[in-house]
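Data first, discussion second: the structure below is written as structure tokens.
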Amino acid sequence: MLTVFIRVVVLYAFSVLAMRLMGKRQVGQLQPYELVLALMVAEIAAAPMENMGTPLLYGLVPILGLLVLHGICTALAFKSMRVRRLLFGIPGVVIRDGRMDIAQMQRMGYTVTDLMEELRGQGYADISQIQTAILETKGRLSAFPKTIHAPLTAEDMHMEKKETGMPHLLVMDGRVQEKHLQESGHNEAWLEGQLKKMGVQKMRDVLLASLNGENILYVQQKKNEMPHIMPTGGDA
Amino acid sequence: MRQAVWVAVVSMAAILLLSWYADGARRNIGFELIERRHAMLEQVKHNDMEKAMESVMDAEKWWREKEETLALFTHHELTDAVGDWLTQILLAIEADREYELYAGLEGLENAARRLHEQDAFLLKNIL
């Protein structure tokens, strides 16, 4: 039985590695040809897992073969629009200038129910608010509201707002993220000082520490307490 | 894209290397098994049962060593079948059962040919 377990471990690790090498993190981000590959990897890995008479290599080599195919398809898709259209399909505009394109929806096999479900998922309960909606090749709907219904921006209010940039995750699960700490322009000594000001004595007690573009430090400890939020003043 | 291409190249190289090693090993072992079986058959035809028995026992010992290598890339059902046929031949010689002896030799030949031709680049294997 231990050998069965070892085969499962090997095949699982190989399958996960294959999926990671495909370069996507979530199933939702897969193009159709990648989804097929993902399903096939699962099927192929299962056969030697279930049947001890099937050599392990009969699971590993087909997975390698799928990686070869994936590489070829990806490379061709980059080089050729025609191949890209063939493998990915093309996005379709299902709502144009506020009006549903029924012919397009029929061509894509996209029902009104599907459309309304996707719009609600994006926070639009009222279809009359939508100017344009595009059904992407990955099956997701991108909806763009009419200008009058779009969220207000600083530009609309004639306000000046400086770019704050991305926040930096400095500590995760008690471990300092050296790369992000460097990118934020600080060092570990600075971070320890800031934590001490908040009453946090040990780095390993920190679940998450994040510094945003306005130099505000957010620290959540592993103990179930309220997070500390403190401006750091930008001091190095 | 570059990563995908590199992964594809490395995977293809691994497949070709494994194919070359596995198919080569399987073909050679299959061929030797066919030759050993042929020698057994000649000995049986000439009624040299003592020599035939020695050949079978020697073949069994040889097969046990090869089975370990073959287990990596050959269906165990096939490797088990060869072992079973060798045992049947040995028992048939010991018990002087001619029908089972020839059946065993025939079964061994079929198994050896399957081993020799498995995964060979033949249309029947692809289809």
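Structure above, values below:
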{"read-out": "Hits in the range A:164-202 - residues which are small (Gly, Ala, Ser), closer than 14 Å to A:Leu217 by Cβ and assigned to a helix (DSSP H, G or I)", "value": "A:Gly193"}
{"read-out": "Among (1) surrounded by 14 or more Cβ atoms within 10 Å (Cβ to Cβ); (2) of a type in the set (D, E, K, R); (3) under 15 Å from A:His168 (Cα atoms), the one test that A:Asp205 misses", "value": "(3)"}
{"read-out": "Any hit, the range B:41-64, residues being in contact (Cβ under 8 Å) with a residue 60 or more places away in the chain, of a type outside the set (D, E, K, R), surrounded by 15 or more Cβ atoms within 10 Å (Cβ to Cβ) and at negative phi", "value": "yes"}
{"read-out": "Top-ranked residue of the range A:137-154 - restricted to ones that are in contact with a helix residue (DSSP H, G or I) (Cβ under 6 Å, 6 or more places away or on another chain) and at pLDDT below 90, ranked as surrounded by the fewest Cβ atoms within 10 Å (Cβ to Cβ)", "value": "A:His149"}
{"read-out": "Residues of the range B:87-106 that turn out to be in contact (Cβ under 8 Å) with a residue 24 or more places away in the chain and either buried (at least 18 other Cβ atoms within 10 Å of the Cβ) or under 14 Å from B:Glu32 (Cα atoms) (or both), as a count", "value": "5"}
{"read-out": "Tally, over the range B:89-116, of residues that are in contact with a Gly (Cβ under 7 Å, 6 or more places away or on another chain) and farther than 21 Å from B:Thr74 by Cβ", "value": "1"}
{"read-out": "Residue within the range A:129-136 that is without any contact (Cβ under 8 Å) to a residue 60 or more places away in the chain, within 25 Å of B:Ala4 (Cβ to Cβ) and exposed (fewer than 15 other Cβ atoms within 10 Å of the Cβ) present", "value": "yes"}
{"read-out": "Residue satisfying all of: in the range B:1-17; modelled with pLDDT under 85 and farther than 14 Å from A:Ala18 by Cα; nearest to the other protein chains (Cβ to nearest Cβ) among these", "value": "B:Met1"}
{"read-out": "Answer from B:Asp84, B:Asp80 - the residue that is within 10 Å of another protein chain (Cβ to nearest Cβ), surrounded by fewer than 16 Cβ atoms within 10 Å (Cβ to Cβ) and over 30 Å from A:Leu37 (Cα atoms)", "value": "B:Asp80"}
{"read-out": "Pairs, first among the β-branched types (Val, Ile, Thr) in the range A:176-194, second not in a helix (DSSP H, G or I), C-beta under 7 Å, six or more apart", "value": "A:Val176/A:Leu170"}
{"read-out": "Residue list for the range B:18-33, restricted to those being away from chain A (no Cβ under 11 Å), buried (at least 16 other Cβ atoms within 10 Å of the Cβ) and not charged (D, E, K, R)", "value": "B:Ala25, B:Ile29, B:Gly30, B:Leu33"}
{"read-out": "Pairs, first on the phi > 0 side of the Ramachandran plot in the range A:152-172, second assigned to a loop (DSSP other than H, G, I, E, B) and of a type in the set (Gly, Ala, Ser), C-beta under 9 Å, six or more apart", "value": "A:Gly165/A:Gly213"}
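The values are calculated or read from the model by the stated rules, or taken from the named source; none is laboratory data. Model, not experiment: these values are computed from the prediction. Reconstructed Cβ throughout: ideal geometry from the backbone, glycine too, with neighbour counts over all protein chains shown.
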